[in-house]
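Below is one structure; the comments refer to it alone.
The values are calculated or read from the model by the stated rules, or taken from the named source; none is laboratory data. Quantities reported herein were computed from a predicted structural model and do not represent experimental measurements. Cβ sites come from the backbone with ideal geometry, for glycine too, and all protein chains shown count toward neighbours.
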Amino acid sequence: MGVLVSGLLLAIIAWTIDVREAVRALAAADVRWVGPALVILGISLGVRAWRWRFIMAPVKLINTHRLFSAMMIGFMGNNLLPARVGEFMRAYVIGKTQRVSASASLATVVVERLFDGFTLLAMLLVSVLVLHFPVESERLTHHIRTAGWLAFGFYLAVLAVCVLLRLYQAPTRRGILAVLSFLPQRWRAKTAEVLDGFVQGLEVVRGGWHLVPILALSIAAWSIQAVAIWLVLLAFHLKLSLGASFFILAVQSFGVMIPSSPGFIGTFHAASILAMTAYGVGREVALSASIVMHLLFFMPVTVVGLIYLWVENLTLHEMTVASKEVALSTTEDG
């Protein structure tokens, strides 16, 4: 289904855009901005690994570089394999190398994604409410704002379940198992084991000052990545404000949540074009900029992830099999 979605979006893009004009815009880009953008992106990834250390702290204190290694392997998995398998790969790598249960590690990834979601939603909603768009984009920005509020409701529901599991583990656990009563007994038993391990990773949701650095690093990581987008915009001679890059980043991030082929081909490009045309950028220039952003955000991460995979003496096949085990309720250490 993801491949079909990607193919459909690419076909629509090709049908509605003058490809020759897009090639000209790509050739006219000032590549001198790409190098600094790549450095900025690397800093953003480092901040994300540092944040994961704070999220993981209630479970186990782990060296930031070890977390960076697992994170890059996971991002590589998301880029090369379908169905966000990389998230399970991260849990497996940490479990194997640091003796943390896969369920607890996966729970910290869920918490991390919650912080990402709320941070991006804040960027999106603030951008739509505060920044000025061309008059012809008012209808488009209205739809984006509506989608943002719907996404906010979804993330709020996920957060509520996590908090209930953390504060009222037993009744919430019973409620979830009651909803799943139609499953065979063996599956319900595995689900119960996973929930017990999952709660361990949700220690971070307990609140307090522990959440402050996580929130601050979430804002920092995405803000730094927005700067990288702004540098790519400058490479294409687009005089948009830095605030516009926050809007573009948020739309891109929610766009790649749509099921697509590995590497988010099609969804990333369509979301980027949608966001940039809201500022009056021509579709051809927007496509060219989205191609550069895609290569910048995905190629280096994939290469580094493959290098770390080799350093950890792992293979893609092993990671795929192990990720399926994690997804099917594996709670064993490693």
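Given the criteria crowded, with 18+ Cβ neighbours inside 10 Å and either more than 17 Å from Pro213 (Cβ to Cβ) or in contact with a strand residue (DSSP E or B) (Cβ under 9 Å, 6 or more places away or on another chain) (or both), does Ile40 qualify? Yes: the conditions hold for Ile40. Only one entry of Met293, Met299, Met276, Met257 meets the criterion of being in contact with a helix residue (DSSP H, G or I) (Cβ under 9 Å, 6 or more places away or on another chain), modelled with pLDDT under 90 and among the aliphatic types (A, V, I, L, M), and that entry is Met257. Selection of first residues in the stretch 304-316 that are closer than 21 Å to Leu38 by Cα and of second residues that are of a type outside the set (Phe, Trp, Tyr) and surrounded by 14 or more Cβ atoms within 10 Å (Cβ to Cβ), restricted to Cβ pairs under 7 Å at least 6 apart or on distinct chains, gives the following pairs, ordered by first then second residue: Val304/Met72; Gly305/Met72; Gly305/Ile73; Gly305/Met76; Leu306/Met76; Tyr308/Ser69; Tyr308/Met72; Tyr308/Ile73.
Residue-level check: of (1) part of a loop (DSSP other than H, G, I, E, B); (2) free of Cβ contacts under 8 Å to residues at least 24 places away in the same chain; (3) within 23 Å of Val85 (Cβ to Cβ), Ala271 misses just (1). Picking from residues in the stretch 99-146 that are of a type in the set (Asp, Glu) and under 30 Å from Val321 (Cβ atoms), the one that is surrounded by the most Cβ atoms within 10 Å (Cβ to Cβ) is Glu112.
For the stretch 18-33, the set of residues classified as in a helix (DSSP H, G or I), surrounded by fewer than 17 Cβ atoms within 10 Å (Cβ to Cβ) and among the hydrophobic types (A, V, I, L, M, F, W, C) consists of Val19, Val23, Leu26, Ala27, Val31, listed by residue number.
Within the option set Val212, Val232, being in a helix (DSSP H, G or I), loosely packed, with under 14 Cβ neighbours inside 10 Å and either modelled with pLDDT of 95 or more or hydrophobic (A, V, I, L, M, F, W, C) (or both) holds for one residue only, Val212. Taken together, the residues in the stretch 235-254 that are touching a helix residue (DSSP H, G or I) at 6+ places or on another chain (Cβ under 7 Å) and part of a helix (DSSP H, G or I) amount to 13.
Being assigned to a helix (DSSP H, G or I), aromatic (Phe, Trp, Tyr) and crowded, with 22+ Cβ neighbours inside 10 Å is a property that Phe75 has. Of the residues making up the stretch 2-17, those that are over 23 Å from the mean Cα position of the chain (by Cα) and either surrounded by fewer than 13 Cβ atoms within 10 Å (Cβ to Cβ) or under 14 Å from Gly255 (Cβ atoms) (or both) are Ala11, Ile12, Ile13, Ala14, Trp15, Thr16. Could we say that Phe115 is within 12 Å of the chain's Cα centre (by Cα), touching a residue at least 40 places away in the same chain (Cβ under 8 Å) and assigned to a helix (DSSP H, G or I) here? Criteria met by Phe115. Among the residues making up the stretch 255-267, those that are touching a Phe, Trp or Tyr at 6+ places or on another chain (Cβ under 8 Å) and assigned to a helix (DSSP H, G or I) are Gly255, Gly263, Phe264.
Of all positions in the stretch 169-178, none carries a residue that is at pLDDT below 80, within 27 Å of the chain's Cα centre (by Cα), within 29 Å of Phe254 (Cα to Cα) and β-branched (Val, Ile, Thr). Being part of a helix (DSSP H, G or I), over 27 Å from Ala104 (Cβ atoms) and among the aliphatic types (A, V, I, L, M) is a condition met by at least one residue of the stretch 146-161. Restricting attention to the stretch 149-168 and to residues that are within 20 Å of the chain's Cα centre (by Cα) and in contact (Cβ under 8 Å) with a residue 40 or more places away in the chain, the residue that is farthest from Ile258 (Cα to Cα) turns out to be Cys162. Looking across the stretch 209-235, just one residue is in contact with a Lys or Arg (Cβ under 9 Å, 6 or more places away or on another chain) and among the hydroxyl-bearing types (Ser, Thr, Tyr), and that is Ser218.
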